[in-house]
Amino acid sequence: MQLTLVRLAGPSVQDTAGVRPIGEADIEAVGRLYAASFPVEVVGDEAAAIADVRASWDGEYGVWLPSASLLAEVDGRPAAAILVVDSPPWEDVSDLVFIIDLFTDPAHRGRGLGELLVRSALSAVEPGRVVGLRVDDENEAAVRLYRRLGFQERT
């Protein structure tokens with residue numbers, strides 16, 4: 001079952017070393033990272049993953065927020081990313097800033113990159129805005145992370 005979780009934007013993040021906004025030139029690398037981060041039955045092949053990241057950039061899932069859609073690099077290589085939009089097209093969350101996806105290369109999991117990206121994205125969103133996301137309730141690590149960061153189920 002999918003959970004929809006929300007929280008207010010903020011507070012600011014101090015240490016964002018290695019984190020930067022995703023640029024258009026990064027789309028293919030972020031798509032390859034997306035494909036490497038999930039089983040093929042979740043995101044499809046690499047070409048499909050790149051196309052999905054491109055669709056996000058192009059606004060198919062809401063207004064792309066460049067200051068909150070971030071890439072974490074380790075040794076100059078993409079290691080994790082967060083994709084964030086405003087006003088997504090899905091009726092139940094259309095009033096939110098929405099985290100479309102957060103993903104980390106399996107080789108870099110457990111190092112705090114996901115938490116760093118979520119905190120950095122939240123600090124880039126206009127204060128007072130509600131930020132939401134969807135997560136599979138069986139993804140215990142992700143649910144634990146989001147709850148630790150103050151996300152609660154939307155009622």
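The values are calculated or read from the model by the stated rules, or taken from the named source; none is laboratory data. Note that the coordinates shown come from a computational prediction; the quantities given were computed from them, not determined experimentally. Glycine gets a Cβ as well: all are built from the backbone with ideal geometry, and neighbour counts include every protein chain shown.
The residue that is nearest to residue 94 (Cα to Cα), among those in segment 109-153 that are touching a Ser or Thr at 6+ places or on another chain (Cβ under 9 Å) and of a type in the set (Ser, Thr, Tyr), is 123.
Listed here are the residues, each with its yes/no results for (1) under 19 Å from residue 106 (Cβ atoms); (2) touching a Gly at 6+ places or on another chain (Cβ under 8 Å).
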| site | (1), (2) |
| --- | --- |
| 26 | no, no |
| 32 | yes, no |
| 51 | no, yes |
| 56 | no, no |
| 75 | yes, no |
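Results for (1) in a helix (DSSP H, G or I); (2) modelled with pLDDT of 90 or more; (3) surrounded by 11 or more Cβ atoms within 10 Å (Cβ to Cβ), shown as yes or no for each residue.
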| residue | (1), (2), (3) |
| --- | --- |
| 6 | no, no, yes |
| 12 | no, no, yes |
| 17 | no, no, no |
| 28 | yes, yes, yes |
| 35 | yes, yes, yes |
| 49 | yes, yes, yes |
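Based on this model, can you work out whether residue 59 counts as among the small types (Gly, Ala, Ser) and at positive phi? The answer is yes for residue 59.
Results for (1) surrounded by 14 or more Cβ atoms within 10 Å (Cβ to Cβ); (2) touching a Phe, Trp or Tyr at 6+ places or on another chain (Cβ under 9 Å); (3) hydrophobic (A, V, I, L, M, F, W, C), shown as yes or no for each residue.
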{"site": "114", "(1), (2), (3)": "yes, yes, no"}
{"site": "122", "(1), (2), (3)": "yes, no, yes"}
{"site": "128", "(1), (2), (3)": "no, no, no"}
{"site": "131", "(1), (2), (3)": "yes, yes, yes"}
{"site": "137", "(1), (2), (3)": "no, no, no"}
{"site": "153", "(1), (2), (3)": "no, no, no"}
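Within the option set 87, 69, being closer than 21 Å to residue 20 by Cβ and of a type in the set (S, T, N, Q) holds for one residue only, 69. Taking each residue of segment 55-80 that is under 24 Å from residue 97 (Cα atoms) and looking for partners that are in a strand (DSSP E or B) and hydroxyl-bearing (Ser, Thr, Tyr) with beta-carbon atoms closer than 7 Å, six or more apart or interchain, yields 79/104; 80/104.
Quick check: is even one residue across segment 61-69 among the aliphatic types (A, V, I, L, M), surrounded by 13 or more Cβ atoms within 10 Å (Cβ to Cβ) and touching a helix residue (DSSP H, G or I) at 6+ places or on another chain (Cβ under 8 Å)? Looking through segment 61-69, at least one residue is among the aliphatic types (A, V, I, L, M), surrounded by 13 or more Cβ atoms within 10 Å (Cβ to Cβ) and touching a helix residue (DSSP H, G or I) at 6+ places or on another chain (Cβ under 8 Å).
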